[in-house]
1. Can you pull out the residues in the stretch 258-269 that are in a helix (DSSP H, G or I) and either modelled with pLDDT under 80 or over 22 Å from Trp40 (Cβ atoms) (or both)?
2. Residues Leu116, Leu132, Leu102: which one is at pLDDT below 90 and among the aliphatic types (A, V, I, L, M)?
3. Being outside any loop (DSSP other than H, G, I, E, B) and touching a Lys or Arg at 6+ places or on another chain (Cβ under 9 Å) is the filter; apply it to the stretch 61-88 and report the residue that is farthest from Ser169 (Cα to Cα).
4. Could you run through the stretch 128-158 and say how many residues are part of a helix (DSSP H, G or I) and surrounded by 21 or more Cβ atoms within 10 Å (Cβ to Cβ)?
5. Taking only pairs six or more apart or across chains, which ones have beta-carbon atoms under 8 Å, a first residue in the stretch 95-120 that is over 17 Å from Thr69 (Cβ atoms), and a second residue that is open to solvent by 40 Å² or more (accessible area, probe 1.4 Å) and not in a helix (DSSP H, G or I)?
6. For the stretch 79-94, give me each residue that is at pLDDT 85 or above and open to solvent by 50 Å² or more (accessible area, probe 1.4 Å).
7. Counting just the residues of the stretch 108-127 that are outside any strand (DSSP E or B) and aliphatic (A, V, I, L, M), which one comes out nearest to Arg84 (Cα to Cα)?
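The values are calculated or read from the model by the stated rules, or taken from the named source; none is laboratory data. Only a predicted model underlies this, so the values are computations on that prediction, with no experimental measurement involved. Glycine also receives a Cβ, built like all others from the backbone with ideal geometry; neighbour counts cover every protein chain displayed. These accessible areas exclude ligands, DNA and RNA; they are computed on the full protein's heavy atoms, side chains included. Shrake-Rupley method; radii C 1.70, N 1.55, O 1.52, S 1.80 Å.
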Amino acid sequence: MNQSSNSELPTHREEGFSGARTPNDEISIVDLAGILLTRWKTVVLVTLIAVIVAVALAFLLPRQYVYTTLYSVAEQAPTENNPRGNVEPPETVASRAKNAYLVDVVNATLPPGQELKIDIDIDGSGTDTVMLTSEAVTDEQNLVKRLHQGIAERMLASQQERLQRRRQSLQSQIETLRQTLSDATSAEEGDATFRYATLLAEAERELAMLIDGNVVQVAQRGLKTTSLGTVPIIILGGVVGFILGGMLALLMAFMSAVRRSLQTERQQP
């Protein structure tokens, strides 16, 4: 009775399949390969369409670059406690730029209610520079430049204010020491005069070594794009197209097999 039951199972070959269907409707790798070979036109067509779309996207999508701004911090005479000679450590300037200047510049640059979609990284880990970097497409280059320029100008203004106070303090100290030396009598000559002269020379040296901060560059665009290149996009499109074409071919073969199976059942008495 089992043999009679098994003989009633469909034993026809579906298009693209290498052998008869088993009772569990299992499909081997050879069957799948047969389907792809039989329906190779579908696979090729879908792959070509995907490649054409990828080529269009590769040339139409805007290029993305990294824009960099460099600010050189103000300098003064090095000391034992400040061997680098920075008026402020670059880390301090960068922290203030992140927590205060960035918000002010964004509010002043963007229209009310508009959200900032560009990330601005502010790094002060350099020896004497603060670096601003942003990754953006070419259409946003002007916006990046305005934002970077605004932050750099605020860093410069803040440090110039500190440097100006230091200059005024040193100039006042120098004038006082010069007046003291000028008013010194011969009786006061000796160690005191030498000490005043040493202090005067030191103050003049410190004044001469005060150097203003400097915006070295603003939103300088990198040479290489950070977006996916033309060739990788085309290759990716071809791979995706081939996969989709194979899936479509398998789906079409499955639908064809189901349709034939239904037709066979209808023809049976």
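1. Ser261, Leu262, Gln263, Thr264, Glu265, Arg266, Gln267
2. Numbers: Leu132 fails: at pLDDT below 90; Leu102 fails: at pLDDT below 90.
The conditions single out Leu116.
3. Tyr65
4. Here the count works out to 6.
5. Leu110/Leu116
6. Result: Pro89, Glu91, Thr92.
7. For the stretch 108-127, the residue satisfying everything is Ile120.
Each row is one residue, and each column tells you yes or no for (1) closer than 30 Å to Pro89 by Cβ; (2) assigned to a helix (DSSP H, G or I); (3) at pLDDT 90 or above.
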{"residue": "Ile174", "(1), (2), (3)": "yes, yes, yes"}
{"residue": "Thr193", "(1), (2), (3)": "no, yes, no"}
{"residue": "Tyr196", "(1), (2), (3)": "no, yes, no"}
{"residue": "Leu236", "(1), (2), (3)": "no, yes, yes"}
{"residue": "Leu248", "(1), (2), (3)": "no, yes, yes"}
{"residue": "Ser256", "(1), (2), (3)": "no, yes, no"}
